[in-house]
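Take a look at the structure set out below.
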Amino acid sequence: MVRGLLFSLLLIFAVSVSAQFASNPSPVNISTQPNGGEVITDLAFSKSGDSTYTIFWKLDKNPATFDPAWELSICDLIQCYLPFVNSCPPSKPNLVSANNFMFQIHFKANGAAGSSVVGLKLYGDKNFTQELYSTSINISSSLSSTKDPNIANIKLYPNPVTDYFQVTNGYNVKKVVIYNIFGKEVKSLFHYNNAQHEVADLKPGMYVIKLLDDKNKVIKSLKLNKATGGA
């Protein structure tokens with residue numbers, strides 16, 4: 001009974017704290033061209049009451065949809081962080097006493113097209129167990145159909161794949177780079193028309209394929225489903 005009462009009190013506390021925070025815009029919508037410049041969006045937070053909070057933030061990137069070529073970073077109340085920093089360092093929390101405070105979201109597509117939803121959560125402890133508030137960042141990096149209609153026709157076939165795949169309509173593709181869902185490069189292959197790329201040695205799962213031109217610029221990023229049959 002004591003445990004049940006304690007759990008109820010903690011739940012009430014968590015709900016009451018979460019209700020004191022809000023953000024604008026929510027969600028954050030970032031829409032850009034793959035080869036466009038850096039997009040900077042202000043994210044304003046507000047809280048009710050006079051309480052002072054120690055805030056730790058964390059980004060939740062979906063490895064299945066978040067392209068490894070993308071750069072997403074945050075400027076909080078302390079400093080601006082590099083794109084690979086996905087959480088607030090334990091030694092640098094944000095002390096929030098005013099009713100309003102602001103973060104900045106920086107995004108650069110680096111030539112990669114795609115879409116993803118990234119979670120942004122605020123916590124009250126450095127171990128990220130006491131969630132205070134959450135919102136999301138919706139990313140869309142897409143090519144204009146009027147800019148290069150041929151890019152939309154580039155496909156991977158077959159997909160899912162067991163042993164080999166081909167790039168259809170990839171006349172300008174000179175290189176194929178394969179990344180696992182954690183953003184680690186696992187293969188880099190030269191490409192020519194009608195080339196077959198072997199992936200029998202890859203483990204089953206989802207991969208991100210980046211197609212590059214002769215200047216090593218990303219033409220298109222696609223997802224490849226590796227079926228069973230590999231190592």
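How far, in nm, would the chain grow between ALA227 and SER140 when pulled straight, counting 0.36 nm per residue and subtracting the alpha carbon separation?
On the way: separation 87, 0.36 × 87 = 31.32 nm, distance 2.74 nm.
Gain on stretching ALA227 to SER140: 28.6 nm.
Kirkwood analysis of segment 18-141, using all unique Cα-Cα pairs, places the hydrodynamic radius at 14.8 Å.
Please check the chain for the longest run free of chymotrypsin sites (Phe, Trp or Tyr not before Pro) that are loop-located per DSSP (anything but H, G, I, E, B) and have at most 14 other Cβ atoms within 10 Å. Each step should come with its number before you reach the end.
On the way: sites that count: PHE84, TYR171, PHE182, TYR192.
Free of exposed loop sites, the longest segment is 85-170.
Provide the FRET efficiency to the nearest 0.05 for the MET206-ASN24 pair, computing r from the beta carbons and using R0 = 35 Å.
Working: r = 34 Å, r/R0 = 0.97.
The calculated FRET efficiency here is 0.55.
A straight chain from ASP42 to ALA195 at 0.36 nm per residue would run longer than the Cα-Cα distance by 50.6 nm. Calculated from the structure at hand, semi-axes √(5λ) of the Cα gyration tensor in Å is found among (i) 26, 19, 18; (ii) 41, 21, 14; (iii) 31, 20, 15 as (ii). For segment 154-161, 3J(HN,Hα) computed residue by residue from phi via the Karplus equation (6.51, -1.76, 1.60; θ = phi - 60°) reads 6, 9, 9, 9, x, 8, x, 10 Hz, glycine and proline entered as x. Distance between the modelled labels on LYS126 and CYS80, one decimal in nanometres: 2.6 nm (7 Å Cα→Cβ projection). Around the amide H of ASN172, modelled in the peptide plane, lies no amide H under 5 Å away from a residue 5 or more places distant or on another chain. When both bridge partners sit in the chain, DSSP labels roughly 90% of those beta bridges antiparallel. Straight-distance candidates among the aspartates and glutamates for linking to LYS187, with alpha-carbon spacing under 13 Å and chain neighbours fewer than 8 residues away dropped: GLU198, ASP201. Here is the short version for the chain: CYS88 have no other Cys C-beta closer than 4.7 Å. Once you've got the Cα coordinates, tell me which of LYS155/LYS184; LYS184/LYS215; LYS47/LYS108 are over 27 Å apart. Result: LYS47/LYS108 exceed 27 Å.
The angle between the Cα long axis of helix 2-18 and the longest principal axis of the Cα atoms of the chain comes to about 70 degrees, rounded to the nearest 10.
Read-outs throughout are calculated quantities, based only on the coordinates presented, and are distinct from any laboratory measurement. Please read all numbers here as calculations on a predicted model, not as lab measurements. Don't worry about glycine lacking a Cβ; one is built from the backbone with ideal geometry, like all the others, and counts go over all protein chains shown.
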